[in-house]
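**Q** Supplied in structure tokens, the structure appears directly below.
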Amino acid sequence: MQIEEPTLEMGSDGLVALRVGPWWTHKHSYLRRYIDIFARGMKRKWQTRVFVDLYSGPGLLVERGSNREYEGSPLIAVGHPTGFTHYFFNDVDSRNAEALKQRLKRRGIANCRIYSLPAEQAALNIAADLRRLRFEAGDFVGLAFIDPVGSPHSMVSLTALTALTDGMRLDLLITFHTQSYKRMLGQAASRYRRGTLQVQDLEGICAIFGIDASEMAQFLEKRASTRFLLDLYQKTLQRLGYHFFESEEGIEPVIRNTVKAPLYHLIFASKHERGGEFWAKIKRGATPQGSFW
Ligand SMILES: C[S@@+](CC[C@H](N)C(=O)[O-])C[C@H]1O[C@@H](n2cnc3c(N)ncnc32)[C@H](O)[C@@H]1O
């Protein structure tokens, strides 16, 4: 199954928007719920609360078929009255970054920084911004929303994620493109069996997990299951100090397309010991995907 990436079109406000499938609003129901619960719990305890969106898009989505318009993750974040105090956005496509800049300007949002860089580089710039902010304003809490497209080359590497989160109280909400990574590993496994696998075939996926090609090659002997990839990534995040992923309910939410084929999983990770509890609460209140079709 080919995974569709969002395309650009004009929104009703005259700025570019992402054209997306109807499953997108499901992903956003978790983000909205996180922000609500986060704001309730943190607004009195923490004066500075940051939102990092490494793959922000332009801020507006147009649903394929219905042509309905929805706010993208940046507008969801800035729209909460007590959610965050500082915003850091990035999108490699300068058309998206420019449209977002205009939308935020129209809403009078000033306490934000917008980059248009590969996420890999943006993570380093934002890491420096966060360190400066901590120096100026004191310690803070926040969320980094990591919402790449399906190609493993789009996903930020473990090295860059380490730079962004090291010593920071940043929760992570990650769109983990399980299907795409499985398909890519399946193709690599066929090449491996035929003896035609090149080290560069594994570069993108190895960078995500922070392992080298020879280590990854061991996994090609058996078929990489969804659970295997999710567990491997969880172990990877543990190396960054993230320990609290899941509640007793277990399973990460899976986002499916309109024919119910799984596309990706949402991974939540926190360094805080109540992170699992927090996520369980978020999951209970998020819209079940079944209600969309
Ligand atoms: C899934 S969309 C993000 C949507 C947005 N987070 C939202 O929920 O409204 C992914 C975005 O990442 C951007 N992108 C793709 N590869 C990237 C990269 N390597 N670095 C930064 N941005 C990238 C695309 O231009 C696209 O706008």
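No value in this document is a laboratory result; all are computed from the given coordinates. A quick note: this is a predicted structure, and the numbers were derived from the prediction, not measured. We place every Cβ from the backbone using ideal geometry, glycine too, and count neighbours over all the protein chains shown.
**Q** Using the count of nearby Cβ atoms within 10 Å as a rough guide to exposure, how do K260, K281 rank from fewest to most?
**A** Details: K260 10, K281 17.
Ordered from fewest to most neighbouring Cβ atoms within 10 Å, K260, K281 come out as K260, K281.
**Q** Could you work out how far apart the two model spin labels at D93 and E215 are, taking each label as a point 7 Å from the Cα in the direction of the beta carbon, and quote it in nm?
**A** 3.4 nm
**Q** Leaving out same-chain residues fewer than 8 places away, which aspartates and glutamates sit with a Cα under 12 Å from that of K45?
**A** D139
**Q** Additional query: Mind listing which trypsin sites (Lys or Arg not before Pro) in segment 4-104 are in a DSSP loop and have 12 or fewer other Cβ atoms within 10 Å? Kindly include the intermediate steps, with their values, before the conclusion.
**A** Working: sites: R19, K27, R32, R33, R40, K43, R44, K45, R49, R64, R68, R95, K101, R103; in loops: K43, R44, K45, R64, R68.
Answer in residue order: R44, K45, R68.
**Q** Same structure, new question: Helix 24-42 against the longest principal axis of the chain: what's the angle in degrees, Cα atoms only, rounded to the nearest 10?
**A** With both axes taken from Cα atoms, the answer is about 50 degrees.
**Q** Hey, what did the chain get for relative contact order, percent, Cα under 8 Å, at least 6 apart?
**A** Details: 489 pairs, mean separation 53.9, N = 293.
With pairs under 8 Å counted, the relative contact order is 18 percent.
**Q** Please determine, in degrees from 0 to 90 and to the nearest 10, the orientation of helix 178-194 with respect to the longest principal axis defined by the Cα atoms of the chain, where the helix direction is its Cα long axis.
**A** 20 degrees
**Q** FRET efficiency for Q200 and T82, Cβ-Cβ distance as r, R0 = 45 Å, nearest 0.05? Don't skip to the answer; put the middle values down first.
**A** Working: r = 47 Å, r/R0 = 1.04.
The value I calculate is 0.45.
**Q** Next up: Can you pull the one-decimal nm distance between simple spin-label points at A39 and R132, each 7 Å off the Cα toward Cβ?
**A** So the two model labels end up 2.8 nm from each other.
**Q** In a Debye calculation with equal point scatterers on the alpha-carbon sites of segment 132-239 and no solvent, what is log10 I(q)/I(0) at q = 0.23 Å⁻¹?
**A** For the requested q values the scattering log ratios are -1.32.
**Q** In whole angstrom, how far apart do the alpha carbon centroids of segment 112-171 and segment 59-109 sit?
**A** So the separation of the two Cα centres works out to 18 Å.
**Q** Now, a different point. For every helix of n ≥ 4 consecutive DSSP H residues, a contribution of -39,500 (n - 2.57) applies; sum these over the chain, divide by its total residues, and give [θ] at 222 nm rounded to the nearest 500 deg cm²/dmol. Before the final figure, lay out each step's value.
**A** Values: 10 runs with 121 residues, N = 293.
My calculation for the chain gives -13000 deg cm²/dmol from helical runs alone.
**Q** While we're on this one: What angle do you read, to the nearest 10 degrees and between 0 and 90, between the alpha-carbon axis of helix 94-106 and the longest principal axis of the chain?
**A** 20 degrees
**Q** What length, rounded to one decimal in nm, is gained on full extension from Q102 through to T226, with 0.36 nm per residue of separation minus their alpha-carbon distance?
**A** Values: separation 124, 0.36 × 124 = 44.64 nm, distance 3.93 nm.
Once the chain is fully extended between Q102 and T226, it gains 40.7 nm.
**Q** I would also like to ask the following. What full-extension length gain, to one decimal in nm, is calculated for E5 and K235 as 0.36 nm per residue of separation minus the Cα-Cα distance?
**A** Separation in residues times 0.36 nm, less the Cα-Cα distance, equals 80.0 nm.
**Q** Right, another one. Mind checking segment 130-231 for chymotrypsin sites (Phe, Trp or Tyr not before Pro) that DSSP puts in a loop (not H, G, I, E or B) and that have at most 14 other Cβ atoms within 10 Å? It would help to have the intermediate numbers written out before the result.
**A** Values: sites: F135, F140, F145, F176, Y181, Y192, F209, F219, F228; in loops: F140.
Hits after loop and neighbour filter: nothing returned.
**Q** On the first, second and third principal axes, largest extent first, how far apart are the outermost C-alpha atoms of the chain in Å?
**A** Taking the Cα atoms of the chain, the three principal extents are 58, 43, 36 Å.
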